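Written out below as structure tokens is the structure these notes cover.
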Amino acid sequence: MITHLRIRNAALIDEAEVEFGGGLNVLTGETGAGKSIVVDAINFLLGERPARDFIRSGADSATVEGIVYIRGAAVAEAITALGVDLSGENELMIQRSLNTQGKSVCRVNGRSITVGMLKEISALLADVHGQHEHQSLLDVNRQLHLLDQFCGEDIAEAKRRLESLLQKYRENARRLKALSGIGNQRKSLMEVKQYQIDEIQKANLMPGEEDALLARRARLSGLEKLTSRTSQALALLTGGDTDDASVSDQIGRAVSLLEEIGQLDGTQAYLSETLSEAAALVSDAARDLNAYIGELDADPNELERIESRLDVIYRLKKKYGATVADVLAHLEKTTREMERLSGSEGEIKRLNGERRGIGKEITSLCDTMSALRKKQAEDIQRRIAAVLTELGMPNAKFEIAVTRKTSFGADGNDSVEFMISPNPGEPLKPLKRIASGGEMSRVMLALKTVLADADSIETLIFDEVDAGVSGRTAQQVAEKLAVVARGRQILCITHLPQIAAMADAHFLIEKNTDAGKTVTSVKYLAQNAIISELARLTGGAKITGQTLAAAAEMKAQAEQIKTGKLIAVPVTAAGFRK
């Protein structure tokens with residue numbers, strides 16, 4: 001419910017503040033006074049695109065602020081779900097400004113938000129009917145939601161069962177996809193995995209094999225140099241086939257000489273012992289070198305075989321992992337997957353059977369939901385047709401089209417759309433294609449009258465709902481507005497005294513010239529001022545005592561109608577009750 005509205009620099013409004021109440025809030029005024037500016041400002045506040053001349057001439061920007069009190073718990077929860085923190089009083093402070101460069105700034109409870117988010121929030125708060133597009137009942141998704149609310153707990157229970165079945169269906173589909181893929185993917189996948197398994201197994205990789213091969217290759221790559229240097233070193237140590245004295249021989253002679261020195265000078269005896277140890281080391285080195293030379297007599301084709309083996313390892317690493325260990329891990333994983341795929345035929349058959357069973361349950365449940373909707377739709381159609389007749393559209397045909405879709409979702413597989421034929425001879429067409437603003441407003445009023453208990457929108461705004469109506473129809477429109485206003489806030493711009501008389505709060509919109517500027521103002525009317533405005537609406541510019549008396553009587557009768565004390569009173573051609 002919009003409790004406070006402040007408008008600055010919007011069209012002809014310099015600055016205006018309005019305190020709206022619950023029930024029926026009526027706005028009246030002379031033609032051209034700027035009544036629709038208030039609706040334009042509210043539309044702007046709710047996220048709609050403003051007109052090019054929305055900013056007051058000479059101003060840098062226009063600003064609209066509104067305080068909205070949220071009564072319904074469901075609406076409060078939905079707004080909280082959008083990420084908006086509500087105050088303790090369940091109030092929203094909405095602010096939106098537009099500058100001459102076209103930049104718009106939106107804030108909700110002090111937090112900056114996008115226009116898109118503002119539209120999401122405002123869709124839960126208010127509907128504007130008449131000359132604008134901010135009408136939630138035109139949304140086919142909402143039409144389905146409203147119909148389901150009328151179907152009550154039966155449809156709610158069906159939706160809960162459907163959601164459970166859909167979860168089972170999705171899980172079944174996930175498992176089937178994992179086992180069989182899509183189309184022939186399962187067969188192809190098995191062929192690919194078997195190829196990988198065969199390729200890795202054929203290589204017969206061993207942990208640590210690559211490092212050993214690399215070391216062996218490094219040795220074989222330098223075989224010629226290794227052989228030459230080893231032979232030279234061995235010849236130096238042992239003499240080999242040369243006539244040169246070997247290191248071993250020379251050390252042996254030196255040991256003999258040192259032994260003699262040690263016999264002559266005991267202080268030097270250790271020298272022969274030290275050199276004897278060196279002779280033993282030289283002998284060991286010569287023996288090791290001799291053995292090493294034997295090892296260097298390798299197969300001349302071994303290096304080629306090593307290169308070939310390393311090439312196999314490199315190719316497998318490139319496909320399946322950075323190391324031999326990774327390749328072997330891939331083999332183990334692929335083998336397990338292959339076992340699961342090859343043994344899944346029975347599971348696939350079982351899951352397909354389960355899928356068919358779940359599908360039958362879903363189809364049956366959707367049939368039940370569709371029957372519930374069609375039955376309720378028939379009752380709503382009759383009631384709305386009756387209200388449209390009372391609102392001056394006796395030839396209008398209203399229908400709720402419930403059709404089946406090929407796919408199903410959380411709401412079943414029904415498509416719901418409100419259809420209307422306002423005039424004789426015209427085909428039924430979607431509600432959103434009604435061309436006349438007056439017809440749209442009356443249709444919306446009829447819908448709101450019938451659907452009030454199912455709709456959570458708390459504020460309805462009717463811009464000239466009385467367009468094209470008079471007499472008895474005007475009185476019926478007024479009474480319907482009063483009925484809807486018992487559970488909703490209504491803001492209504494009107495030219496009809498019958499509607500204005502039903503107001504719980506009456507505001508006068510006036511246009512005046514001050515210091516060369518034209519300014520539109522909004523003023524709350526007290527009882528005496530209300531009678532004068534009703535007299536103006538009834539008799540025009542010339543107000544007489546008779547028109548004032550008639551206006552006072554009209555207001556009194558309206559109050560009696562609202563309280564239920566005046567029922568089924570005849571209406572004259574002018575629209576006054578006798």
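The values are calculated or read from the model by the stated rules, or taken from the named source; none is laboratory data. Since this is a predicted model, take the numbers as computed values, not measurements. Here the Cβ positions follow ideal geometry from the backbone for every residue, glycine too, while neighbour counts run over all protein chains shown.
Summary of values
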{"item": "So Leu45, is it surrounded by 18 or more Cβ atoms within 10 Å (Cβ to Cβ), touching a helix residue (DSSP H, G or I) at 6+ places or on another chain (Cβ under 6 Å) and not β-branched (Val, Ile, Thr)", "result": "no"}
{"item": "Number of the exception - Val26 against (1) in a strand (DSSP E or B); (2) farther than 20 Å from Gln498 by Cβ; (3) not small (Gly, Ala, Ser)", "result": "(2)"}
{"item": "Listing of helices (runs of 4 or more DSSP H) fully contained in segment 292-394 that carry 3 or more residues being without any contact (Cβ under 8 Å) to a residue 24 or more places away in the chain and farther than 30 Å from Asp198 by Cα", "result": "345-390"}
{"item": "Output for segment 493-532, where each listed residue is within 17 Å of Val18 (Cβ to Cβ) and of a type in the set (A, V, I, L, M)", "result": "Ile493, Ala500, Ala503, Ala505, Leu508, Ile509, Val519, Val522, Leu525, Ala526, Ala529, Ile530"}
{"item": "Residues located in segment 60-73, provided they are part of a loop (DSSP other than H, G, I, E, B) and either under 18 Å from His4 (Cβ atoms) or modelled with pLDDT of 90 or more (or both)", "result": "Asp60, Ile70, Arg71"}
{"item": "Tally of residues being touching a strand residue (DSSP E or B) at 6+ places or on another chain (Cβ under 6 Å) and polar (S, T, N, Q) across segment 369-400", "result": "2"}
{"item": "Yes/no for Val105 being touching a Ser or Thr at 6+ places or on another chain (Cβ under 8 Å) and in a strand (DSSP E or B)", "result": "yes"}
{"item": "Residue count, segment 108-128 (criterion: within 25 Å of Asn25 (Cβ to Cβ) and in contact with a strand residue (DSSP E or B) (Cβ under 7 Å, 6 or more places away or on another chain))", "result": "8"}
{"item": "Residues of segment 521-534 that turn out to be touching a helix residue (DSSP H, G or I) at 6+ places or on another chain (Cβ under 9 Å), at pLDDT 90 or above and of a type in the set (A, V, I, L, M, F, W, C), as a count", "result": "4"}
